[in-house]
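Enquirer: Attaching a single structure in structure tokens format; questions to follow.
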Amino acid sequence: MQLHGCGTALVTPFHQDGSIDDATLRNLVSWQVESGIDFLVPCGTTGETPTLTHDEWLQVIDTTIEVAAGRVPIIAGATSNSTHEAVEKAKEVAARAGVNAILTASPYYNKPTQEGQYRHFKAIAEAIGDKPVILYNVPGRTGANLEPSTLARLAEVPNIVGVKEASGNMAQIAEAINAVPETFLVFSGDDTYTLPMIALGGVGVISVAANQIPHEMTAMTRAALANDWAAARSLHRKYLPLMQANFIESSPLPVKAVLAMMGKIEEVYRLPLLPMRRDTRARLQKVVAEVGLISKPAGPAPEVSDFFIYENWAAGPHKIVLHRGSCGQCSHGKGRPAGHDANHARWHGPYATLAEGRAAAHAMTGVLIRSECKCV
């Protein structure tokens, strides 16, 4: 088993009722393997693992192992902020045939000291024999940063073989790579940092974007590892907007939204995660269309050319508002709302042009207060 290159931090697909969508998970794993991914990482942060029950956690890992069928290595996520529980989880999953290594993150919420992290990770590694362990440093989520000096100490534990570095601090990452032996595996935990980390001595990336573009992320990573920097930079330049867009809201919201746009999954999350906001979803869709993963959205329908004046006595003394016929705020696209009381409101029009509408409104201002909707 050789752990290097591009691995996918797999999403966990759910049905609308919140249960795991096993068929879709199987399709995703098959597609990943057939796309040439180097390894798979089920039950990491991107897999919404904190929301999975114990049985569901094992189900996702077992399904990934079954579908991959030995074609690529499996690095199974096993994290807890309780050292005892983390040890038990690591022992349980390490015993499964088909799990090639364990990925375990710093204890979250507790904010342990460097010595506390050292003893936590050492206890996990020693409990699972010679099964390889890859540490995960993501202080933005855990609240605990694994410093280079501590990583160097942990690298002396025989079966701690690598780290997924997602601190976002390139100075620290460079120091960490220099602090550990050259055989120690340093993976980027952030797609955008993959190339600089490989240039410093990293061996690849555990990728979010690979959920969406497994072939392209693998090609980019392999090119960099082969010192074909022109090809690597070309792919990086093309897909950098997608890598960045995957974090415009909390991961895995954007990556699952894109997979749903691509028709790969249903866009379902478990609380406390909620669907993306409308404005960020629109930005994401634009990026996804521009990199060619979905067709560009159709242009807006031609606007209705007529205008209406809405006379509303209930809103004040003879107030009128000028509206475009396609305004959805008041007219639902029809120019005239349903259900208004004729004794308190009245529509005037249509007027063929904005100028005609304004002229009519001006003619009425002897007795009415005039304003214009934002649609005009």
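The values are calculated or read from the model by the stated rules, or taken from the named source; none is laboratory data. It should be emphasised that the depicted structure is a prediction, and the values quoted were computed from it without experimental measurement. Ideal geometry is used to build each Cβ from the backbone, glycine not excepted, and the neighbour counts take in all protein chains shown. Keep in mind that these areas ignore ligands, DNA and RNA; they rest on the heavy atoms of the full protein, side chains included. Shrake-Rupley method; radii C 1.70, N 1.55, O 1.52, S 1.80 Å.
Enquirer: G292 versus (1) on the phi > 0 side of the Ramachandran plot; (2) open to solvent by 70 Å² or more (accessible area, probe 1.4 Å): which is the lone unmet condition?
Expert: (2)
Enquirer: Additional query: Output the number of the condition that P297 fails; it satisfies all remaining conditions of (1) modelled with pLDDT of 80 or more; (2) closer than 22 Å to A245 by Cβ; (3) open to solvent by less than 90 Å² (accessible area, probe 1.4 Å).
Expert: Unmet for P297, out of (1) modelled with pLDDT of 80 or more; (2) closer than 22 Å to A245 by Cβ; (3) open to solvent by less than 90 Å² (accessible area, probe 1.4 Å): (1).
Enquirer: Of everything in the range 321-360 that's among the hydrophobic types (A, V, I, L, M, F, W, C) and in a loop (DSSP other than H, G, I, E, B), which residue is modelled with the lowest pLDDT? If you could, list the steps in order and put the result at the bottom.
Expert: Step one: filter the range 321-360 for residues among the hydrophobic types (A, V, I, L, M, F, W, C), giving 321-322, 327, 330, 338, 342, 345, 347, 352, 354-355, 359-360.
From the residues that got through so far, the ones that are in a loop (DSSP other than H, G, I, E, B) too are 327, 330, 338, 342, 352.
Numbers: C327: 69, C330: 53, A338: 45, A342: 51, A352: 76.
Restricting to residues being among the hydrophobic types (A, V, I, L, M, F, W, C) and in a loop (DSSP other than H, G, I, E, B), the top hit is A338.
Enquirer: For the list (1) in contact with a Pro (Cβ under 7 Å, 6 or more places away or on another chain); (2) part of a loop (DSSP other than H, G, I, E, B); (3) at pLDDT 95 or above, I need the number of the one condition that K131 fails.
Expert: Going through (1) in contact with a Pro (Cβ under 7 Å, 6 or more places away or on another chain); (2) part of a loop (DSSP other than H, G, I, E, B); (3) at pLDDT 95 or above one by one, K131 breaks only (1).
Enquirer: What's the number of the only condition in (1) more than 22 Å from F39 (Cβ to Cβ); (2) modelled with pLDDT of 95 or more that G168 fails to meet?
Expert: Among (1) more than 22 Å from F39 (Cβ to Cβ); (2) modelled with pLDDT of 95 or more, the lone unmet condition for G168 is (2).
Enquirer: Just to check your reading of the model, which residue among L271, L284 is open to solvent by 30 Å² or more (accessible area, probe 1.4 Å) and closer than 27 Å to T142 by Cβ?
Expert: On the way: L284 fails: open to solvent by 30 Å² or more (accessible area, probe 1.4 Å).
Of L271, L284, the one residue that is open to solvent by 30 Å² or more (accessible area, probe 1.4 Å) and closer than 27 Å to T142 by Cβ is L271.
Enquirer: Output the number of the condition that V60 fails; it satisfies all remaining conditions of (1) under 25 Å from L253 (Cβ atoms); (2) assigned to a helix (DSSP H, G or I); (3) out of contact with any Gly (no Cβ under 8 Å at 6 or more places or on another chain).
Expert: The single condition V60 does not satisfy is (3).
Enquirer: In the range 23-39, how many are under 22 Å from M261 (Cβ atoms) and either without any contact (Cβ under 8 Å) to a residue 60 or more places away in the chain or assigned to a helix (DSSP H, G or I) (or both)?
Expert: 11
Enquirer: For the range 64-95, which positions are assigned to a helix (DSSP H, G or I) and open to solvent by 10 Å² or more (accessible area, probe 1.4 Å)? Steps first, please.
Expert: Just the residues of the range 64-95 that are assigned to a helix (DSSP H, G or I), to begin with: 64-68, 83-94.
Answer for the range 64-95, where residues must be assigned to a helix (DSSP H, G or I) and open to solvent by 10 Å² or more (accessible area, probe 1.4 Å): I65, E66, V67, T83, H84, E85, V87, E88, K89, K91, E92, A94.
Enquirer: I would also like to ask the following. Can you give me the number of residues within the range 5-20 that are buried (at least 18 other Cβ atoms within 10 Å of the Cβ) and assigned to a loop (DSSP other than H, G, I, E, B)?
Expert: Adding up the residues that qualify gives 4.
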